[in-house]
Amino acid sequence: MSNSPYVFEATMENFQESVMVASSSTPILIDVWADWCAPCKQLMPLLEKLAGEYQGQFLLAKVNADEQQQLTASLGVRSLPTVILVKDGQAVDGFNGALPESEIRAVLDKHVEAPAEDPYETASRQWQEGDLEGALEILTAMNQKDPENLKVLIDIAQIKAELGDVDTAEQILDSLPPEEKLQPQAKQLAARIKFIKQAGKLPPVAELEHTLAENPKDPEALHQLALQHVLKDENAQAMELLIRLMQADSTYKDGVAKTTLIELFDKLGNSNDDVRAYRRKLYTLMH
């Protein structure tokens, strides 16, 4: 049984009052399920999560089909899971089977007021979609309300760096407490700032590719082209070039290939698939 105030067990005894009457003020989503039904077990946690996110805009009534056979039959249920949305005492929508979250939201949003999106989530979405200015505006407002939120502050610095305002990004990084500078997000920012600073000194990509076509082991060209790929977020290509540089000349510029790889790992974080793959390659190469 869920501890959520927005989820309850519906039975034959309480159905009229808790569902039909209550639906005149709050829509009720009925989930008819059974313990032996695998799709039911897949769907139920998702419905409970949505009930929490919508914060009482609808209530979730769970009907155990095995224990409430009379109620299940009265609802006309022929397959499990069956989901019915009741509003003002009437079934107004529903579906069968375990739908994806987006499709369930689409059903709900036709009849229920959608919850307001969290500002941080809105900023993150805009950032991912390429609207850096829009994301920065939201994050700046959040920072003004809560200057102690270092996650927001570092995000602001990340976007500033992406927009080319490296000085401001570096100032924010320098202002962080020493322990915060050791956190993964701050280390990623520091690495990104370093890569951006190097960008102005790099030859064009076409020139570097031409050099490598003539001499595939040219250490300077391998290093500089890797940095060009980093700045374009083409990280796997960058890592591959740095591995090639280690193979060609591991001592070039005091082992800059290894150093740059580790900085790139910091920039992307340990959960990145490319980082895991190329960390293994680096380990194999060194041992």
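Right, VAL77: in the same structural domain as LEU50 (by TED's automatic domain parsing), among the aliphatic types (A, V, I, L, M) and under 21 Å from GLU9 (Cβ atoms) or not?
yes
Which residue is nearest to the chain's Cα centre (by Cα), if the candidates are limited to the stretch 126-139 and must be under 22 Å from LYS187 (Cα atoms) and surrounded by 15 or more Cβ atoms within 10 Å (Cβ to Cβ)?
Only one residue tops the list, namely TRP127.
Restricting attention to the stretch 96-125, which residues are touching an Asp or Glu at 6+ places or on another chain (Cβ under 9 Å) and either surrounded by 11 or more Cβ atoms within 10 Å (Cβ to Cβ) or acidic (Asp, Glu) (or both)?
Result: VAL107, LEU108, HIS111, PRO115, TYR120, ALA123, SER124, ARG125.
Within the stretch 1-117, which strands (runs of 3 or more DSSP E) (wholly inside it) include 1 or more residues that are in contact (Cβ under 8 Å) with a residue 24 or more places away in the chain and either acidic (Asp, Glu) or in contact with a Phe, Trp or Tyr (Cβ under 6 Å, 6 or more places away or on another chain) (or both)?
Fully inside the stretch 1-117 and qualifying: 7-9, 28-33, 59-64, 82-87.
Assess whether ASP66 counts as being closer than 20 Å to MET44 by Cβ and in contact with a His (Cβ under 8 Å, 6 or more places away or on another chain).
It is false that ASP66 is closer than 20 Å to MET44 by Cβ and in contact with a His (Cβ under 8 Å, 6 or more places away or on another chain).
The values are calculated or read from the model by the stated rules, or taken from the named source; none is laboratory data. Only a predicted model underlies this, so the values are computations on that prediction, with no experimental measurement involved. Methodologically, a virtual Cβ is constructed for each residue, glycine included, from the backbone with ideal geometry; neighbour enumeration extends over all protein chains shown.
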